[in-house]
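K.L.:
Take this structure first; my questions come after.
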Amino acid sequence: MLESSPRRVLEGRAGRLRNSLQLCYTLRYKVAMLSQKRLVATLQTLFLLPAILFLTAVLVGTGDPPQYDLAHVAHRIVAWYAGRMWTLGVLLLLLPFGALVAGCAAVLRDWQGNTEIRPVAAQASPTPFATLIVGWATVTSAGILGIVVLHMLAN
């Protein structure tokens, strides 16, 4: 009886140590995933800014009368984009497409890697801010690509 008691104590300590190590690595993994998600959110936002600037300038330029300064600035931005042929391919197609691909990959990685998202997805639970930004940027990039491609097909 005395021989099994120290063995049980050692097994209990080893089990607690193993559990604490698993918790430590799980927390490190979650912190690493959160920092990757923040990086994806930042890159998506930076990729979308030129296209958002152009589309906003187009909307402001068509809506405001030309005597306002805001309309003049909007027309100058649109003229800058129109004067450079590379802006259509890079700033209005390639960067939003990169943001869309990165966002879809991040959402897919979260959906496959985190099994606790699936049952909780229908419940109202607080979502990290980076996840909201990734979702917003993914939907926005799809909208921008749709607008640009439809405009290209119409001309």
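The values are calculated or read from the model by the stated rules, or taken from the named source; none is laboratory data. Source: prediction; values computed, not measured. For neighbour counting, all protein chains shown are included, and Cβ atoms are generated from backbone atoms with ideal geometry for every residue, glycine included.
K.L.:
Take segment 43-52 and flag every residue that is under 12 Å from residue 102 (Cα atoms) and either in contact with a Gly (Cβ under 7 Å, 6 or more places away or on another chain) or without any contact (Cβ under 8 Å) to a residue 24 or more places away in the chain (or both).
P.N.:
44, 47
K.L.:
In segment 131-155, how many residues are among the aliphatic types (A, V, I, L, M) and more than 14 Å from the chain's Cα centre (by Cα)?
P.N.:
9
K.L.:
So, of the residues in segment 76-101 that are buried (at least 17 other Cβ atoms within 10 Å of the Cβ) and not hydrophobic (A, V, I, L, M, F, W, C), which turns out to be modelled with the lowest pLDDT?
P.N.:
Filtering segment 76-101 for residues that are buried (at least 17 other Cβ atoms within 10 Å of the Cβ) and not hydrophobic (A, V, I, L, M, F, W, C), the one modelled with the lowest pLDDT comes out as 81.
K.L.:
Has segment 73-88 got at least one residue that is under 26 Å from the mean Cα position of the chain (by Cα) and either of a type in the set (Gly, Ala, Ser) or closer than 14 Å to residue 41 by Cα (or both)?
P.N.:
No.
K.L.:
While we're here: Does residue 54 satisfy being more than 14 Å from residue 137 (Cα to Cα), modelled with pLDDT of 90 or more and either aromatic (Phe, Trp, Tyr) or not in a helix (DSSP H, G or I) (or both)? Talk me through it step by step, then tell me what you get.
P.N.:
Working: more than 14 Å from residue 137 (Cα to Cα): yes; modelled with pLDDT of 90 or more: yes; either aromatic (Phe, Trp, Tyr) or not in a helix (DSSP H, G or I) (or both): yes.
Criteria met by residue 54.
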